[in-house]
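The values are calculated or read from the model by the stated rules, or taken from the named source; none is laboratory data. Given the structure is predicted, the values throughout are model-derived calculations rather than measurements. When we count neighbours, we look across all protein chains shown, and the Cβ atoms used for this are built from the backbone with ideal geometry, even at glycine. The accessibility values were calculated without ligands, DNA or RNA, using every heavy atom of the protein model including side chains. Shrake-Rupley method; radii C 1.70, N 1.55, O 1.52, S 1.80 Å.
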Amino acid sequence: MNTKNTIILIILSIIISYFSKIGIDYYLTSVEFKERYSLFEYIVKDKIIKFGSNRDKDLFDRTHYNEEIFYNIKISREVEDALRYGKPIVSLESTIISHGMPFPQNYETALEVESIVRSYGVVPATIAILNGTIHIGLTEKEIHYLATVGKDAIKTSRRDIAMVTSMGKTGSTTVSATILFSNLVGIKVFVTGGLGGVHRGAETSLDISADLTELGKNGVMVVSAGVKSILDIQKTLEYLETQGVTVVTYGSDEFPAFFTKNSGVKTPNRLDTVDQCAKLLYSNQLLQLKSGMVVAVPPRDNEHSELIDRAIKESIEQSKVDGILGKDITPYLLKKVNEKTGGKSLESNIELVKNNARIGSQISKNYYNLLKNKQSPTSTTNNNSGGIKGDELVFNYFDQRVNTFLQNYFKTLTATTLLLEGPNKLKGLNGPKPNKQLADNHIEYDIVVVGGAVIDMISHPFKESGFQMETSNPGSISIKMGGVGRNVAEVLSRLQMNSLFISLVGDDVHSNLLLESFQTMNLSSNGVGIKVGSKTAIYNAIMNDRGDLTVAIAQMDIFDEITPSYISKFDLTSSKLLVFDGNIPIESMTYLAQLSRSKGIKLWFEPTSVYKSSKIVESFILSSITYISPNRDELIKISNEIIKKGLIKFENIINNDINGNNNNNNNNNNNNNNNNNNNNNNNNNNNNNDNNNNNDNNNFYYRLLIILIF
């Protein structure tokens with residue numbers, strides 16, 4: 001064998017070995033994933049949620065997400081809905097709640113800031129770690145809990161995350177941790193008060209905030225009031241430049257110093273509108289730079305600026321005497337400054353946070369509008385000018401890791417049926433204890449609708465070709481979103497009523513049509529769960545060439561899963577009206593009737609169809625219903641079922657009504673007889689005290705059937 005052939009054989013051997021190794025590695029990774037996923041399913045089945053175990057000795061490939069991460073991250077329903085359907089979001093840190101202000105100002109300010117964000121049509125996502133679980137979006141009660149815990153919560157930066165989560169503790173996220181989590185789930189605008197920076201004397205102490213390094217790693221735009229004047233602003237800007245972070249000041253040539261707009265430091269860049277800031281973020285995403293941006297918003301004119309500046313200088317000197325260093329320095333200085341200014345600095349702090357929320361919300365909304373326009377901000381109206389296609393936009397907005405995370409998160413969320421299990425309870429903390437145990441995540445609604453969400457498919461053959469059975473027919477198919485419950489919920493949404501729609505859809509492609517329609521009409525899907533292994537309700541009607549129904553298939557089995565157990569996951573006790581349609585099971589109707597009676601809530605029944613209208617008779621809840629909206633055929637069916645079940649005899653209805661008419665005539669002709677009748681009636685009432693419940697039912701039947709007969 002000559003040298004040339006030997007070299008060729010060696011090269012071939014190397015290539016074969018390389019690809020064999022790839023195949024083995026791929027197989028092992030797949031097997032490992034399957035083993036882990038099968039155990040994951042077992043854990044879910046037994047409702048055991050854990051984080052971390054001996055199974056984590058071998059880490060997954062860094063290009064994949066370990067499914068166990070989803071045990072440790074909980075995205076709120078509001079934020080999840082926004083991420084799924086491309087609604088604008090703004091993230092908010094939680095250290096400002098626990099460490100930045102005293103209670104109750106911290107709680108009140110947090111709610112006010114979220115309210116400001118929502119007022120611009122943007123979803124707020126306050127981020128914190130509760131019981132070792134990372135929460136992307138907090139409820140009002142969770143915010144209250146964190147506010148009362150205060151400084152007992154661990155101030156959590158990137159370095160602290162693993163420790164806090166592994167120990168199951170509660171931590172408030174700093175700017176750096178909030179940037180990290182925001183980027184992880186694809187939130188690109190983050191609003192805070194002030195940014196950390198390079199501390200004075202950092203040339204010897206090396207005290208540089210992790211906020212700056214995190215900005216260099218994550219493509220998030222941070223809207224703040226600049227850097228606190230207790231820091232070295234010039235060195236901070238230099239360090240941000242080294243990290244590749246774009247820094248702009250909003251409407252000023254001077255970089256702000258948190259409490260004051262005048263720092264004496266020239267800003268690297270200036271932008272004057274929220275639209276320009278949105279385009280900056282958009283371009284950063286298109287270029288996939290991965291590094292972040294800072295939008296420094298100068299605070300509004302403050303008459304206490306000089307007082308605050310003097311207090312800051314005095315507090316800095318005091319911190320040196322007290323030996324305060326590291327992450328304790330900022331809370332220490334804020335507290336001292338607040339004391340020295342008699343609370344004026346706290347008022348300024350609250351106001352600038354609100355101002356930043358206004359600017360950040362507008363930037364986020366404009367940014368999402370740019371995404372929806374499907375072309376780059378620099379392109380012209382010419383369609384051939386190189387505009388960005390919609391698919392490209394999605395890819396550039398969420399990089400591949402974020403896409404992978406969200407896809408797996410939503411898949412895991414469905415697999416664990418968290419939507420069906422309802423909001424998780426926060427168990428007792430492994431650390432600071434609140435004054436009151438945190439309750440479930442409940443939101444109050446004036447009107448609650450429980451019922452069906454259905455896709456209506458109507459098929460019409462072309463008249464020219466006619467209609468023939470047992471063969472395909474050319475024609476048209478229209479698809480509309482329907483379901484009686486959903487239709488009622490849509491009307492309430494259009495009327496801008498405070499309402500909740502409770503229903504279920506399957507984990508199939510058809511559910512996307514319904515959920516997307518909710519977004520289009522701005523109808524909340526907070527009460528719509530995804531049932532694993534079930535099919536979305538579909539009504540498929542085939543008409544003939546005259547437009548008459550020939551045959552229809554109704555796939556409605558999923559509504560049997562709208563059980564009392566599922567409904568009870570939502571707080572209905574403060575509602576003023578409960579509406580339910582005939583799609584839900586009888587036991588669920590009974591549950592709603594019991595709730596209606598115990599809480600004094602009005603109850604409305606929409607029969608849905610002739611067949612389903614009799615369910616309220618079978619469930620014996622007629623006397624609990626305040627309103628009913630049947631058509632003529634449905635009302636006849638209800639009355640027939642009442643008589644059929646012997647709840648009241650038909651001849652009694654006639655006799656009762658005839659006697660009532662005779663009594664009226666006698667009353668008009670003879671007042672004395674009327675008085676006697678009244679006395680007799682009183683005696684009868686006394687004799688029937690033990691049968692009040694039966695009388696209530698009978699009275700309802702009388703009223704209902706008399707409507708039909710007369």
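What's the FRET efficiency of Thr273 with Asp456 using the Cβ-Cβ distance as r and R₀ = 51 Å, to the nearest 0.05?
Once the sixth-power term is evaluated, E becomes 0.70.
Multiply the residue gap between Asp152 and Tyr611 by 0.36 nm, knock off their C-alpha separation, and tell me the result in nm, one decimal place.
Numbers: separation 459, 0.36 × 459 = 165.24 nm, distance 5.91 nm.
Extra length from Asp152 to Tyr611 when fully extended: 159.3 nm.
Over the range 69-160, what percent of the accessible surface lies on carbon and sulfur atoms, probe 1.4 Å?
51
What do you reckon, how do Glu464, Glu317, Glu80 stack up by accessible area (1.4 Å probe), largest on top?
If we order Glu464, Glu317, Glu80 from most to least accessible, we get Glu464, Glu317, Glu80.
About the Cα centre of the range 122-218, what is the dipole size in debye to 20, counting +1 per Lys and Arg Cβ and -1 per Asp and Glu Cβ, all else neutral?
100
Mind ranking 130-141, 474-485, 173-184 by how tightly packed they are, going by the mean number of other C-beta atoms within 10 angstrom, highest first? Don't skip to the end; give the middle numbers.
Details: 130-141: 21.6, 474-485: 15.9, 173-184: 26.4.
With the highest mean Cβ count within 10 Å placed first, the list reads 173-184, 130-141, 474-485.
Can you give me the three principal axis dimensions of the range 232-300 from its C-alpha atoms, in Å, biggest first?
Principal-axis extents of the range 232-300 (Cα, largest first): 34, 26, 15 Å.
Calculated FRET efficiency, Arg597 and Ser283, Cβ-Cβ r, R0 56 Å, to nearest 0.05?
0.40
Need the full-extension length gain, Gln496 to Asn640, defined as separation in residues times 0.36 nm minus the C-alpha distance. One decimal, nm.
That works out to 48.0 nm of additional length.
Grab the Cα-Cα distance for Arg632 and Thr550, subtract it from 0.36 nm times how many residues apart they are, and report the gain in nm with one decimal. Intermediate results must be reported in sequence, preceding the final value.
Details: separation 82, 0.36 × 82 = 29.52 nm, distance 2.31 nm.
Taking Arg632 through Thr550 to full extension adds about 27.2 nm, to one decimal.
Taking amide hydrogens as modeled 1.01 Å from N in the peptide plane, which residues meet the under 5 Å criterion relative to Thr608, leaving out close sequence neighbours?
Here Gly582 satisfy the definition.
Would you mind working out the accessible area per residue for the range 511-614, using a 1.4 Å probe, and quoting it in Å²?
Accessible area per residue: 44 Å².
Computing the accessible area with a 1.4 Å probe over protein heavy atoms, can you report the carbon and sulfur percentage for the range 209-322? Don't jump to the answer; show the numbers that get you there.
Values: 2250 of 4860 Å².
After summing per-atom areas, the C and S share lands at 46 percent.
How much area per residue is accessible in the range 69-176 when the probe is 1.4 Å and only protein heavy atoms are counted (Å²)?
On a per-residue basis, the range 69-176 sits at 32 Å².
Compute for the range 161-212: radius of gyration divided by Kirkwood radius, i.e. Rg/Rh, restricted to C-alpha atoms, rounded to two decimals.
Over the Cα atoms of the range 161-212, Rg/Rh equals 1.05.
Mind giving me the FRET efficiency for Lys313 and Glu238? R0 is 30 Å, r the Cβ-Cβ distance, nearest 0.05 is fine.
0.85
Taking only protein heavy atoms and a 1.4 Å probe, what accessible area per residue, in Å², does the range 195-306 have with all protein chains in place?
So the range 195-306 comes to 41 Å² accessible per residue, rounded to a whole number.
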